[in-house]
Every structure is written in C-alpha cells, then in structure tokens.
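Written below as structure tokens is the structure these notes are about.
Since every read-out is calculated from the coordinates, none of them should be taken as a lab result. This is a predicted model, so every value here is computed, not measured. FYI the Cβ positions are ideal-geometry reconstructions off the backbone, even for glycines, and counts take in every protein chain you see.
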Amino acid sequence: MKDVFILAVESSCDETAAAVVKNGREVLSNIISSQIALHTLYGGVVPELASRKHIEKINQVIQSALDTAGMTLDEITAIGVTYGPGLVGALLVGVAEAKAIAYAAKKPLVGVHHIEGHVSANFIEHKELEPPFVCLIVSGGHTHLVVVRDYGEFEIIGRTMDDAAGEAFDKVARAVGLGYPGGPKIDVAAREGNPHAVEFPRARVGGSMYDFSFSGMKSAVLNYINQANMRGEPICVPDLAASFQNAVVEVLVSRTVAAAREYGYNRVAMAGGVASNTALRAGMKNACEKAGLTLYYPSPILCTDNAAMIGAAAYFEYRKGVRAGWDLNAVPGLKLGER
C-alpha cells in the first residue's frame, strides 16, 4: 500500500503548530510555536493577540515542519487542518493557510475536529492501539468520556455540565496566586502538599453517573479562600492545590473506570492537556491496574495542542474518503461527532 504523508496545521488556541505524519502513526516532524509567554502577561489567552501571532508565525512553522521531515509539498499526499472547536480568529488563520496551500499545490484538504486530534495522539505512541476503547478527554475547554467505536467515530457517554476540568484548574490557580497556565502550576504545587488537608465536594449529576460538574468544586475552593482571608488565616497553597487536584482526579478516575467496566472494554485511553497531569496519570494507572484494564496516554508534548495529533486524525479521515471543499470554514463551537 502506498504511504500517505499528511501535512497538518493546528491553530485552535495559542499554539501555532505544523507537522508531517506518515500513515497516521509515524511523526516525521512536529513543530510548535507557543504563545504562553505572551499570554502570561494577561493571565490568560487574549484571542486577538493569539490570532495576530498565528499570522506572524504560521508560514515559518509550516516551512520548518517540511524541512525537518526532509520533504517538499510535492511529496505530501494531503493537507489536514483543525477547523473547530477553538477561538474563531485563531482557527481562521490555520484554515485559510491550509486551504491556500492545498489549492496551490493541488492537494486534497481534510478538516479535522480538534478533540478527535487529541484522541488520535494515542495512535502515534501506541502503535498497537486500535478501536474500540474508552477514552477520557480532559483539556482547558473540554471534559468528555467517550467510547471510541472506530477511527473518528465516538459515542459520548459523559461530559461536563459546566466548567471543563482544565478551566477549573486555571481558575483555582489564579485564585491562589499561582498564575497562568494554571494546570501545570497546580500540578507542581500539589507535590509539596497534603491531598487530604481539605475535603472538597465531589459533585454528581442527577440522572447520569458519567457526566461531570466542576463548578461546585471550584466554588468550594474560592469560598475556602475567602473565609480564610476574612478570618485572617494563612492559606497553605500546596495543601489547597493538592486537595483540589485530588478531588478532580478522584472524580475523573472513578467514572472512567466504571464506564470501562459497564461497557465491557478492557482498554482505557486519556487525551487532552490535563492528561499530562502527574496525579491524574498516577491515579488512573493505579485504578486501571486494580481493575485489570490496560491504560494508554501520550507523552506530555502530544497531550497539549500540537499538529502531529491533527495529522494522525487527518490520515484516518483521508483513508475513509473524507475531503473538505474550498468552503471549509472555522467552526468555533464544533461538537464532537459533528461534521
């Protein structure tokens, strides 16, 4: 079978990224230009600044991806690009660039769902992993529990009803003065703390044992901080971070393992930026071992936004015959499973 080389572009938030991926599982290059230093000044991502930085960096990032892979556009089979969900201005930069390259080079264009990309990161590092399996998707904007029926085919069995897990991490980190980006800073601070110093509530969503709610947990942390401040009591940030993180991890792990058991799957995967959290990895690994489940997750560089995962997802879409037209547009609110 002829090899398929995907040139992939990712610009959904604050990373400008491009990659060349061979046959969906072999990364020939994965170039990421991060904007963290820029947005740290403002305590979070500023959409307009993100869009401008994408425009500034995207050509050189794509050229670097081709150069690192040792390939020319003529050797590329198809162009893959994230078209949603994400920040509309940021997405538009990547979509416009990918369409222009595909048109000029006369290559097929494949639009990729960003969350499908996160799931596909597992196929890069775990060559043996094939659907079906249960996957926990946890990032700054999304918390989903899904059954991956086939490549690009998902059954959503649980989702957050309010804040995403990563969003809650960011808000709590800001409240205790750790700053942005919150997830990694909470992770580091928690290593020095007692995870049982404060018992925060674990919310259950009525009528669904696999849905999530992190708003109440976040509010409980904020109330704890406010009450301590009113009483003039010092706050032990490591203890607070560890206790909050422990509550989030316990909810994510317990529902994922329960879903795998109920649906009869012995393989569990994790995806998204929060999947790089060390406590979540350790907790999920321990729980899966006890339950006799095999756990998969990507390296941290493939958990956060990158183009290699988009290239992997684009490959499986390309093999199914999926092609985007020149009318492909950014869809900031794109739901998982939508086209």
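Summary table
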{"item": "Among 296-307, 110-121, 226-237, the order from most to least packed when residues are scored by Cβ within 10 Å on average", "result": "110-121, 296-307, 226-237"}
{"item": "Region 194-210 - phi-based ³J(HN,Hα) in whole Hz, Karplus 6.51/-1.76/1.60, Gly and Pro as x", "result": "9, x, 10, 5, 10, 9, 8, x, 10, 7, 10, 8, x, x, 8, 7, 10"}
{"item": "Footprinting exposure proxy for R339, R202 (fewest neighbouring C-beta atoms within 10 Å first)", "result": "R339, R202"}
{"item": "In Hz, Karplus ³J(HN,Hα) per residue of region 18-24 (6.51, -1.76, 1.60; θ = phi - 60°; x = Gly, Pro)", "result": "9, 8, 10, 10, 9, 6, x"}
{"item": "Alpha-carbon Rg/Rh ratio, for region 129-298, with Rh computed the Kirkwood way", "result": "0.99"}
{"item": "Among 28-34, 166-172, the order from most to least packed when residues are scored by Cβ within 10 Å on average", "result": "166-172, 28-34"}
{"item": "Amide proton proximity set for L334, modelled H, under 5 Å, gap of 5+", "result": "G86"}
{"item": "Under the span-like rule (Cα at least 30 Å along the axis, Kyte-Doolittle mean at least -1.0), DSSP H helices of the chain", "result": "47-69, 237-263"}
{"item": "Under 16 Å from the R323 label point (7 Å along Cα→beta-carbon), backbone N, region 56-98", "result": "77-81"}
{"item": "For peptides 139-152, 320-333, sequence by mean Cβ density within 10 Å, most packed first", "result": "139-152, 320-333"}
{"item": "Coarse-grained scattering of region 5-112 at q = 0.12, 0.16, 0.22 Å⁻¹, given as base-10 log I(q)/I(0) from a Debye sum over alpha-carbon atoms", "result": "-0.37, -0.64, -1.12"}
{"item": "Among S33, I115, A105 the positive-end extreme of the charge dipole of region 1-136 (Cβ point charges)", "result": "A105"}
{"item": "Calculated Rg and Dmax of the chain using C-alpha coordinates, Å", "result": "20.1, 70"}
{"item": "About the Cα centre, charge dipole magnitude for region 129-298 (Lys/Arg +1, Asp/Glu -1 at Cβ), debye", "result": "180 debye"}
{"item": "Relative exposure of T278, T256, judged by other C-beta atoms within 10 Å (fewest first)", "result": "T278, T256"}
{"item": "Normalised contact order of region 129-298, rounded percent, pairs of Cα under 8 Å and 6 or more residues apart", "result": "27 percent"}
